[in-house]
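Working notes, beginning with the structure itself.
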Amino acid sequence: MKNLDRLDAATILGARLWIVTIGQTISGGSGENNKVSDSVLPELPESYANPGDWLLMGKIRTAKPQTDYKQADVEGVDDTGAYKVSEMKLAQKRKIQFTTNDITPEAMQMTFGLTSAIVEGEEQAVFASGNDSLEVWACYELTDAYRAQTGIARILVRGTLSLQNPLEAKSDPAQADYELSVKPNALAMFVAGVAA
């Protein structure tokens, strides 16, 4: 972690998150390398003001990684000759859940089951999609929101983005609750100390 002393590491964690969708055209790419895929990515975003090909998912209110585990008992004879049972915890699924009050076109696309990205003025059938999710790469940055401009880490993951619940119209600020189901990929990475 960048610039944090182990004896003074109390912090308020902040998060920033961008996505690129699989199949999205990359500026400056050519041939087979002009579309985002499992093995082709654009340059990572530099900031809110300079995201490049990445789409900002709004100001992130809350974000947390979540792992679903399977518990298994392992039984066997130990050095004393007696049977012992130990517990094994196996990670099965990994997710990143995040919430924002900024409603992006992607949230509207998933809420209303649209089959393609929203383009202003263009019509498309509502509730026509059989799968209200998007295949994406996500760039997830942790910041120390207590010490402004201090980056803690950058995480790059491949996953399936969906809404935990459709958007709701009510007399409160709108809120989008996203879930990114992480898929294993050799390009996924964690880098500590990236400047915010």
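The values are calculated or read from the model by the stated rules, or taken from the named source; none is laboratory data. Since the structure is predicted, the reported quantities are computational estimates derived from the model, not experimental observations. Don't worry about glycine lacking a Cβ; one is built from the backbone with ideal geometry, like all the others, and counts go over all protein chains shown. The accessibility values were calculated without ligands, DNA or RNA, using every heavy atom of the protein model including side chains. Shrake-Rupley method; radii C 1.70, N 1.55, O 1.52, S 1.80 Å.
Below are the figures for this structure:
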{"quantity": "Matching entry among VAL74, VAL85, VAL20 (being in contact with a Leu (Cβ under 8 Å, 6 or more places away or on another chain) and among the β-branched types (Val, Ile, Thr))", "calculated": "VAL20"}
{"quantity": "Selection within region 134-151 - at negative phi and touching a Ser or Thr at 6+ places or on another chain (Cβ under 9 Å)", "calculated": "LEU134, GLU135, VAL136, TRP137, THR143, ASP144, ALA145, TYR146, ARG147, THR150, GLY151"}
{"quantity": "Counted residues, region 26-77 - those being in contact (Cβ under 8 Å) with a residue 60 or more places away in the chain, farther than 18 Å from LYS183 by Cβ and either open to solvent by 40 Å² or more (accessible area, probe 1.4 Å) or among the acidic types (Asp, Glu) (or both)", "calculated": "2"}
{"quantity": "Lone qualifier among ASP132, ASP144, ASP172, ASP177 - being of a type in the set (D, E, K, R), touching a Gly at 6+ places or on another chain (Cβ under 6 Å) and over 23 Å from VAL40 (Cα atoms)", "calculated": "ASP132"}
{"quantity": "Qualifying residue in region 160-170 (condition: within 9 Å of the chain's Cα centre (by Cα), surrounded by 17 or more Cβ atoms within 10 Å (Cβ to Cβ) and free of Cβ contacts under 8 Å to residues at least 60 places away in the same chain)", "calculated": "no"}
{"quantity": "So ASP8, is it open to solvent by 40 Å² or more (accessible area, probe 1.4 Å) and under 18 Å from SER181 (Cα atoms)", "calculated": "no"}
{"quantity": "Residue within region 148-158 that is open to solvent by 80 Å² or more (accessible area, probe 1.4 Å) and of a type in the set (Lys, Arg) present", "calculated": "no"}
{"quantity": "Some residue of region 175-184 being part of a loop (DSSP other than H, G, I, E, B) and in contact (Cβ under 8 Å) with a residue 40 or more places away in the chain", "calculated": "yes"}
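Residues are listed down the side, and each one gets a yes or a no for (1) among the aliphatic types (A, V, I, L, M); (2) farther than 16 Å from SER133 by Cβ; (3) in contact with a Gly (Cβ under 7 Å, 6 or more places away or on another chain); (4) crowded, with 17+ Cβ neighbours inside 10 Å:
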| residue | (1), (2), (3), (4) |
| --- | --- |
| ASP79 | no, yes, no, no |
| ALA82 | yes, yes, no, no |
| LEU90 | yes, yes, no, no |
| PRO105 | no, no, no, no |
| MET108 | yes, no, no, no |
| THR115 | no, no, no, no |
| VAL119 | yes, yes, no, no |
